[in-house]
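Colleague: There's a structure below that I have some questions on.
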Amino acid sequence: MSSPRPIRFFHQGRVQSVEGLPPQTTVLQYLREHARCAGTKEGCAEGDCGACTVLVGELDTDGEAVSLRAVNACIQFLPMLDGQALLTVEDLGASTDLGPVQQALVDCHGSQCGFCTPGFAMTMQAVYERHQACGTRPTRQDLADDLAGNLCRCTGYRPLLDAGERMFEQPVRTLDRAPIVAALRGLRDDPALHYEARSRAGTPQRVFAPRTLEELAALREAMPDARLVAGATDVGLWVNKQQRELGDVILTGRVEDLRRIDVITVHGQGAAPGVMSANGHLSAGPAVAAAAVPAPASRTTLRIGAAVPLEEAWAALAERVPALRELWLRFASPPVRNAGTLGGNVANGSPIGDGPPALIALGARLVLRLGATRRAMPLEDFYLDYMKNALRPGEFVEAVEVPEPSAGTRLRGYKIAKRYDSDISAVCAVLSLRLEDGVARDVRFAFGGMAATVRRAAKAEAAVSGRAWNEASQAAAALALTEDFTPMTDLRASAGYRQRVAANLIRRFWLETRADAPVAAASASVWQAINLQRSVA
């Protein structure tokens, strides 16, 4: 373990050095209470409203450019900023010299009470920077998807979307990234973060941010009771809403080996790995030994490191399985997906999490690591009971491996929630089967929200497997769900509603995937239908 040092990051034009603040201080608390940057607002303190949206920047792997992502400052802990850049609404422009995003919001009357406006401005700045770099322009629906994590209660979204289009009509003026790149290059020379201070309750607390997989494994094995934190999109709520003390913390976000997506092509018993970084670039690199964790012959496996942000992980999954695109867009919100990780979502084990149903339906398996030892298991075997998993003391999730779907596989993902965007599922179902001469094979029906854990519907699968995929078999599967699950009633849905909607989703799946006259996606999906109408118009 290295010696303790301050938290260092770039903000307000220079490198900031922070020490003495409680490790559980959020970025929002630091901005408002210590940096005196009050433009960033606190609304919900749980990552839902987006009033606290800021941009976090980090160097790419070659150190030549900086990438920016919008995150919720209210559920990011200050030590997570170490080695990165923090940009807030104060960085966009002064009242006498507005930037294009700010000017567009003024011109289109995109603000009324103004409380949410800084968050909208920061999200829109991220959109502006991304599209200017690519030479593209977002559609109105693209803008709506990007703003799904920002809530407005008074202006409404029409003027905000107008401003999103108008900002590209202003003279081009992007953020000056040269000082950020220079500062972050210098911060790379700092040793791995080891931060010590007293918590708000007055107890000593330590935070470690190892940079290599070996350092993480050794630290985790030596400190099995420490809290492992990835994106803090759930843990942040423990602190803000439940006032919990986390104790010692190990951050995973600085371990580069956990932030890659590996595409492993298997030839017989060997593997030819190609490593894709979280930003989508392929390069040579290590992969889990194929002999130790064999993948099906002549198929590729997507190996997603545990610290890959949800946004990049779901993008890779949706590129391989386009039917998951709508579920990706409805998974939390862009700021949450930019901060949270797939490994964290899996390890969290929420019975209403949207990631595990998709991964289980795809036959995913986990690579777990304890010290220098790895083991693999199917994801469906990882969950033992409500919020209980198969991790051993000192063990952690290293990667999620997702095999390529077999030819003839039909898969659909469905999310049932009270809101379309940025809401928790009442039921999440990802259903998959392979049709072979009209007969259902390799049936995998995974459901969230129906039990204490995300689970496969074994009885429903048996009712379909090896039988013709027709109305009778799907009806038998829907009926069998009553033997698979005894759902609970809560604020999101009643037990009866969950049972009925789960059965209806199996019927919808059949309607969309039957061999004879399948129903088009635009006819079964509100989102698809709206986009079809807009494209025709």
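Colleague: When only Cα pairs under 8 Å and 6 or more residues apart are kept, what is the percent relative contact order across the stretch 407-537?
Modeller: Reported relative contact order: 18 percent.
Colleague: Kindly work out what percent of the DSSP beta bridges joining two residues of the chain are antiparallel, to the nearest 5.
Modeller: Around 90 percent antiparallel, to the nearest 5.
Colleague: Can I ask one more? About the Cα centre of the chain, what is the dipole size in debye to 20, counting +1 per Lys and Arg Cβ and -1 per Asp and Glu Cβ, all else neutral? Before the final figure, lay out each step's value.
Modeller: Working: 59 positive and 59 negative charges, 192 e Å.
Computed charge dipole of the chain: roughly 920 debye.
Colleague: Computed on alpha carbon atoms, what radius of gyration and Dmax characterise the stretch 153-207, expressed in Å?
Modeller: 21.5, 53
Colleague: Also, I was wondering about something else. Which longest run of the chain has no exposed loop site in it, a site being trypsin sites (Lys or Arg not before Pro) in a DSSP loop with at most 11 other beta carbons within 10 Å, and the site itself not part of the run?
Modeller: It works out to 189-417.
Colleague: Could you list which residues have their amide H under 5 Å from that of Asp248, counting only those 5 or more apart in sequence or on another chain, with H placed in the peptide plane?
Modeller: Arg206, Arg227
Colleague: What is the angle, in °, between the Cα long axis of helix 310-320 and the longest principal axis of the Cα atoms in the chain? Nearest 10 is fine, range 0 to 90.
Modeller: For 310-320 against the chain, the angle is about 40 degrees.
Colleague: Okay, next question. Kindly state, as a whole number, the per residue volume in cubic angstrom of the convex hull around the alpha carbon atoms of the stretch 298-457.
Modeller: That works out to 111 Å³ per residue.
Colleague: Stick to Cα atoms and the Kirkwood definition of Rh, then tell me Rg/Rh for the stretch 100-169.
Modeller: 0.92
Colleague: Quick one: the Cα spread of the stretch 111-256 along its three principal axes, in angstroms, biggest first?
Modeller: 55, 37, 24
Colleague: Continuing with this model, one more query. Using only Cα atoms, tell me the angle between helix 526-536 and the longest principal axis of the chain; keep it within 0 to 90° and round to the nearest 10.
Modeller: 80
Colleague: In nm, to one decimal, how far is the Gln12 label point from the Thr482 one, both placed 7 Å along Cα→Cβ?
Modeller: Each label point is offset 7 Å from its Cα along the Cβ direction, giving 6.5 nm.
Colleague: Going toward the positive end of the dipole of the chain, with +1 on Lys and Arg Cβ and -1 on Asp and Glu Cβ, which of Ser333, Ala85, Cys134 do you reach last?
Modeller: Ser333
Colleague: Follow-up. If the reach is capped at under 16 angstrom between alpha carbons, list the aspartates and glutamates near Lys241, excluding any in the same chain fewer than eight residues apart.
Modeller: Those aspartates and glutamates meeting the cut-off are Glu42, Glu46, Asp48.
Colleague: Sequence gap at least 6, Cα distance under 8 Å: using those rules, report the relative contact order of the chain to the nearest whole percent. Kindly include the intermediate steps, with their values, before the conclusion.
Modeller: Numbers: 1129 pairs, mean separation 58.0, N = 537.
For the chain, the relative contact order is 11 percent.
Colleague: Per residue of the stretch 440-457, in order, report the coupling 6.51 cos²θ - 1.76 cosθ + 1.60 (Karplus, θ = phi - 60°) as ³J(HN,Hα) in whole Hz, putting x for Gly and Pro.
Modeller: After applying 6.51 cos²θ - 1.76 cosθ + 1.60, I find 7, 10, 6, 7, 9, 10, 10, 10, x, x, 10, 7, 5, 9, 5, 9, 7, 8 Hz.
Colleague: For Lys418, which lysines qualify as cross-link partners when the Cα separation must be under 22 Å and same-chain residues fewer than eight apart are set aside?
Modeller: Lys418 reaches no qualifying lysines.
Colleague: Then there is this: So how strong a dipole does the stretch 409-537 carry about its Cα centre when Lys and Arg Cβ are +1 and Asp and Glu Cβ are -1, to the nearest 20 debye?
Modeller: Values: 19 positive and 12 negative charges, 51 e Å.
Using only the charged Cβ atoms, the result is roughly 240 debye.
Colleague: Right, next: Take the Cα atoms of the stretch 41-161, build their convex hull, and give its volume per residue in Å³.
Modeller: 118
Colleague: Right, something else. Straight-line reach only, C-alpha to C-alpha below 12 angstrom: list the aspartates and glutamates that Lys459 could link to, leaving out same-chain residues fewer than 8 apart.
Modeller: Glu483, Asp484
Colleague: Sticking with this structure for a sec: Where the Cα atoms of the stretch 409-537 are projected onto their three principal axes, how long is each span, largest first, in whole Å?
Modeller: Here the spans come out as 44, 38, 19 Å, largest first.
Colleague: Compute the Rg to Rh ratio over the stretch 1-64 from the alpha carbon atoms, using the Kirkwood formula for Rh, and round to two decimal places.
Modeller: Taking Rg over the Kirkwood Rh, I get 1.01.
Colleague: Working from Cα positions, state the angle (0 to 90°, nearest 10) between the long axis of helix 495-513 and the longest principal axis of the chain.
Modeller: The angle comes out at about 70 degrees.
FYI, it's all coordinate maths here, none of it is from the lab. Computed from a predicted structure; not experimentally measured. FYI the Cβ positions are ideal-geometry reconstructions off the backbone, even for glycines, and counts take in every protein chain you see.
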